[in-house]
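A short worksheet on the structure shown next.
The values are calculated or read from the model by the stated rules, or taken from the named source; none is laboratory data. No experiment lies behind these values; they were computed from the predicted model shown. Note that each Cβ is placed from the backbone with ideal geometry, even for glycine, and that neighbours are counted across all protein chains shown.
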Amino acid sequence: MTSLFQSIKRLFSEKEPLPSGMFSYQTPPDEKEQYRLHLRIEKDGTGILIINAATVLHLNQTAAEFAYHFIKKHDLDKAVDEISRRYQVEKDQARLDFGKFLNQIQTIIHTPDLDPVTYFDIERQEPYSGEIAAPYRLDCALTYRVGEGSHSEHAPLDRVNRELTADEWVTILQKAFEIGIPHVLFTGGEPTLREDLPELLLKAEELGLVTGVLTDGLRLKDDDFRQQLLLNGLDHLMVVLDPDNPNVWESLAKVLPEDIHTTVHLTLEKGHNLRPHITRLAEMGANALSLSASDAGLSEELQNLRDFAAVQQLELVWDLPVPYSRNNPVSLELENAETQEPPEGAGKAWLYVEPDGDVLPAQGMYDRVLGNLLTDPWEAIWD
């Protein structure tokens, strides 16, 4: 029996994709199992599926069609007939593959601490490889202010003369949702210095956006503040760890047992040994690790640390920025680190919004202002 995922290789170019656009579904309030789905289908038929405003799934054309039928609640037999006809596979095989897809969705709905960006173990669309209607993620620097003891001399405070108000950030979140951007990261500076951060998280949750916060972690030691972030819909965290600060370790001891995916970022500096800290993080239950170096001359040691982290069974994250530090943390984690070229996702898979609303392709790319997300039309910025 020919698998649909095998047939797709032969027939992909022959089949017109489904109409592009945004599609949503939320279970009726009287159903015991509650969930909500947002599907964005691109012009080439690939898509992304947002589950419970907590996980973004990248889908190839086949999986996107499965998701479309599921969200539209099409009759199972009719959906199987349509899939069988379009891809010229037996109905039994189409039904089997559709059932496998539905089982995967149910698994993700019920899996705690899941990575906020996930890929199916089927022939998925490689990230950033096709034309997309909007970025996958918006990095929102709420402020360039940093906490006491941070490297404030490196923060680009002279770039902005004001910070957007909470209402103005809500306007940007609403625009992001309407554009079809599924994932928002609140960063800085130190975003927890904004007292309206919980309010912004709640608004993003109401819209159905996946949300993350990138922080030095110090305020997370406060039980009331931490619980408020979680209750308002925070989906994942990145904590920038100063390993010499016992207060951050104390915060991590409280955060890591929580039901939230947590990545820890470490910066390698000359003469520093990060291996004991990586081992400690693995023992504490960190979900993932992000690494950078203070200069390109440490790239070989950085690679050795990556290998060491893999042995500790820590997932490595490479495409998240961090609150402002001495280096763009992404550039040194790529093979072209010495040239300081931005990652291929910058300006495409993600955009960076400064505290005054100006849009950059990515953190640190200050010479390329694309426009202002509060005042300029989205089409002008994206073009």
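What about residue 164, is it in a helix (DSSP H, G or I), at pLDDT 90 or above and not polar (S, T, N, Q)? Against the criterion (in a helix (DSSP H, G or I), at pLDDT 90 or above and not polar (S, T, N, Q)), residue 164 does not qualify. Could you please tell me which pairs satisfy a Cβ distance under 8 Å, a separation of 6+ or placement on different chains, a first residue in the range 361-378 that is within 17 Å of residue 172 (Cα to Cα), and a second residue that is assigned to a loop (DSSP other than H, G, I, E, B) and acidic (Asp, Glu)? Close Cβ pairs satisfying both conditions: 372/356. Sub-6 Å Cβ pairs linking a first residue in the range 256-273 that is in a loop (DSSP other than H, G, I, E, B) and surrounded by fewer than 17 Cβ atoms within 10 Å (Cβ to Cβ) to a second residue that is charged (D, E, K, R) and at pLDDT below 95, at least 6 apart or interchain, number zero. Confirm whether residue 202 is surrounded by fewer than 21 Cβ atoms within 10 Å (Cβ to Cβ), among the aliphatic types (A, V, I, L, M) and not assigned by TED's automatic domain parsing to the domain that holds residue 40. Criteria met by residue 202.
Residues in the range 55-91 that are in contact with a strand residue (DSSP E or B) (Cβ under 9 Å, 6 or more places away or on another chain), among the aliphatic types (A, V, I, L, M) and buried (at least 22 other Cβ atoms within 10 Å of the Cβ): 56, 57, 59, 63, 64, 67. When the criteria are applied in full, residue 40 meets the requirement of being crowded, with 18+ Cβ neighbours inside 10 Å, out of contact with any Phe, Trp or Tyr (no Cβ under 7 Å at 6 or more places or on another chain) and modelled with pLDDT of 85 or more. Note on the range 33-89: residues that are part of a strand (DSSP E or B) and of a type in the set (A, V, I, L, M, F, W, C) amount to 10. For the residues 124, 194, the requirement of being of a type in the set (D, E, K, R) and at pLDDT 90 or above singles out 194. If you go through the range 58-68 one residue at a time, do you hit one that is more than 17 Å from residue 82 (Cβ to Cβ), touching a Pro at 6+ places or on another chain (Cβ under 7 Å) and not assigned by TED's automatic domain parsing to the domain that holds residue 236? Looking through the range 58-68, at least one residue is more than 17 Å from residue 82 (Cβ to Cβ), touching a Pro at 6+ places or on another chain (Cβ under 7 Å) and not assigned by TED's automatic domain parsing to the domain that holds residue 236.
Going by the structure shown, is residue 208 under 19 Å from residue 320 (Cβ atoms) and modelled with pLDDT under 95? Here the answer is no, as residue 208 does not meet what is asked. When residue 178 is tested against (1) in a helix (DSSP H, G or I); (2) surrounded by 19 or more Cβ atoms within 10 Å (Cβ to Cβ), only condition (2) is not met.
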